[in-house]
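Below is one structure, written out as structure tokens, with a few remarks after it.
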Amino acid sequence: MIETCDSPGLLPIQSAIYTMLKQVHPILESEQIELEDSLGRVLAVDVESNINVPPNDNSAMDGYAMRCEDLIGNNTLQLVGTALAGAPFRQKVLPGQCIRIMTGAVIPQGADSVVMQENTETKDGFVIFKQIPEFGNSVRKAGEDIQQGMVVVTKGTKLTPAYLALIASVGMAEISVIRNLKVGLIATGDELTPPGQALTDGAIYESNRYALTALLKTFPVVVFDFGIVKDNKDDLKAVFEQAGSHCDLVLSCGGVSVGDADYVKEILDDLGSINFWKVAIKPGKPFAFGQLGKACFCGLPGNPVSSYVTFEQLVTPVLQKLSGQTYRPTPHFVAKAACLIKKRPGRADYQRGIFYRDGQGELLVKPNGKQGSGIMSSIANANCYMVLEQDTGDVQVGENVNIQPF
Ligand code: AMP
Ligand code: MG
């Protein structure tokens, strides 16, 4: 085996994801909530439609509805009434007749086609048609969007604004969703000071919880923030124990490597178990996964970029599975390296990049400045990850690079 600076014995990222997904079991408890409160929640049962959408044949245009065969060899029909959306024409349209019809109005009995207003003229109670329509012209058929009995959204779907509209369109005001996950968040480190307070000698501001809390908000979770805990084994153990008994998932950041003040692994050995704690990912090699009491546990590295990247790449699949969603790997796109991209074989590297199109329309990508694991601006000002495979080395100018846009 080639010894690199990245040391052997690291779990490849795909194996880490596979191991975690195998170990994590979806939450099954569900609750009934108002549709309007369901954005971002995960559907617990299939939504089936009791109706056709649209419920009736209706007009796609403002114009005139008639029987299209009446316009063979004839261009003039008698105007006998009006249909508006929500106010149907309740009689039958007879041969030789037509009605004025507005978009969304039900096509009355007898009529089968619509000609848009712009292709007609009216005169003395008659309509002169300048277009001979085909059968069914400008008619939206009943059930053309959704048929009665059809599953419109499957269980395990995370609800987006478009799904909310789709569910509303079949008339449901309440739906069954998986209950929110309880996620505990713990920052560890003697040096960590909350923003807003003065910094003492050797201290830094705690920033990871701000990013992690914000990232968590895009999932169906309730966050239990256990704050900053000092590098003291007893304090840490007490907080970990509490988090493990209250939460479905506990995330800690910091203290997960092999320094003198890194107690996470020891505590997990006492209170639960560690499945793995070194992943071949850069940034973020020390990433622990295991069980803490009844909760799943992910120990994120303390370096700000590492905690952010490991959350997105490694915690996201866990959250998806726990919340009943199907795990969907983030899609990659291919761009060409605009400059040399430095990379050492040994770990999959999630460098922060900027992608753009050049004058010829070609998609290019370049690293966004320094890539150190403490340099948070490398993420904040970037627009994608450049995903560099574990075993590859430098990427030369013009070579393909997989990117994950933010
Ligand atoms: P650790 O993983 O505890 O060895 O921390 C690695 C580096 O990340 C150290 O420079 C820490 O000061 C820094 N760090 C750890 N936790 C945080 C945090 N919550 N916010 C900002 N920086 C942190
Ligand atoms: Mg620390």
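No value in this document is a laboratory result; all are computed from the given coordinates. What you see is a predicted model; the values in this text were computed from it and never measured. We place every Cβ from the backbone using ideal geometry, glycine too, and count neighbours over all the protein chains shown.
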| task | Mind running the shape call on segment 256-354? Use the C-alpha gyration tensor, a ≥ b ≥ c as the square roots of the eigenvalues: rounded below 1.5 for a/c, prolate if a/b tops b/c, oblate otherwise. | result | oblate
| message | Could you work out how much longer the chain between residue 198 and residue 294 gets when fully extended? Use 0.36 nm per residue separation minus the Cα distance between them, nm to one decimal. | response | 30.8 nm
| If you take the beta carbon distance between residue 90 and residue 168 as r and set R0 to 41 Å, what does 1/(1 + (r/R0)^6) give as a FRET efficiency, to the nearest 0.05? | 0.90
| query | Dividing the convex hull volume of the Cα atoms of segment 87-245 by its residue count, what figure in Å³ per residue is obtained? | reply | 229 Å³
| task | Would you mind classifying segment 58-140 by shape? Square roots of the alpha carbon gyration tensor eigenvalues, ordered a ≥ b ≥ c; an a/c under 1.5 is rounded, otherwise it is prolate if a/b is larger than b/c and oblate if not. | result | rounded
| note | For segment 55-65, in residue order, the Karplus 3J(HN,Hα) values (coefficients 6.51, -1.76, 1.60; θ = phi - 60°; whole Hz; Gly and Pro = x) are x, 9, 4, 8, 7, 8, 9, 7, x, 9, 9
| query | Are any of the pairs 155/217; 22/370; 217/366 more than 27 Å apart by Cα-Cα distance, and if so, which? | reply | 22/370; 217/366
| query | What is the dipole size for the chain, taken about its Cα centre, with +1 at each Lys and Arg Cβ and -1 at each Asp and Glu Cβ, in debye to the nearest 20? | reply | 480 debye
| Between rounded, prolate and oblate, where does segment 333-405 land on the alpha carbon gyration tensor, with a ≥ b ≥ c its root eigenvalues, rounded for a/c under 1.5, else prolate if a/b exceeds b/c? | oblate
| task | Scan around residue 340 for amide H atoms under 5 Å from its own, H built in the peptide plane at 1.01 Å from N, and keep only partners 5 or more places away or cross-chain. | result | 397
| remark: For residue 41, other-chain or 5+-apart residues with amide H closer than 5 Å (H placed, Pro excluded) are 159
| field | Principal axis dimensions, the chain - Cα atoms, whole angstrom, descending | value | 95, 52, 45
| task | Give the percent of DSSP beta bridges with both residues in segment 333-405 that are antiparallel, rounded to the nearest 5. | result | 90 percent
| message | Please list, ordered by chain and number, the residues whose modelled amide H lies under 5 Å from the amide H of residue 250; skip anything fewer than 5 residues away on the same chain. | response | 184, 296, 297, 298
| task | Would you calculate, for the chain, the mean residue ellipticity at 222 nm contributed by helices, counting each DSSP H stretch of 4 or more residues as -39,500 (n - 2.57) and dividing by all residues, to the nearest 500? | result | -4500 deg cm²/dmol
| request: Run through the DSSP bridge list for the chain and note the antiparallel percent, rounded to the nearest 5. | output: 65 percent
| task | Filter the DSSP H helices in the chain by two things, a Kyte-Doolittle mean of at least -1.0 and an axial alpha-carbon span of 27 angstrom or more, and list the hits by number. | result | none
| Length released on extending from residue 60 to residue 145, taking residue separation times 0.36 nm less the Cα-Cα span | 29.3 nm
| task | Provide the per-residue ³J(HN,Hα) series for segment 35-48, in order, calculated from phi with Karplus coefficients 6.51, -1.76, 1.60 and θ = phi - 60°, each as a whole number of Hz, with x at glycine and proline positions. | result | 3, 5, 9, 9, 4, x, 7, 10, 5, 8, 9, 4, 9, 10
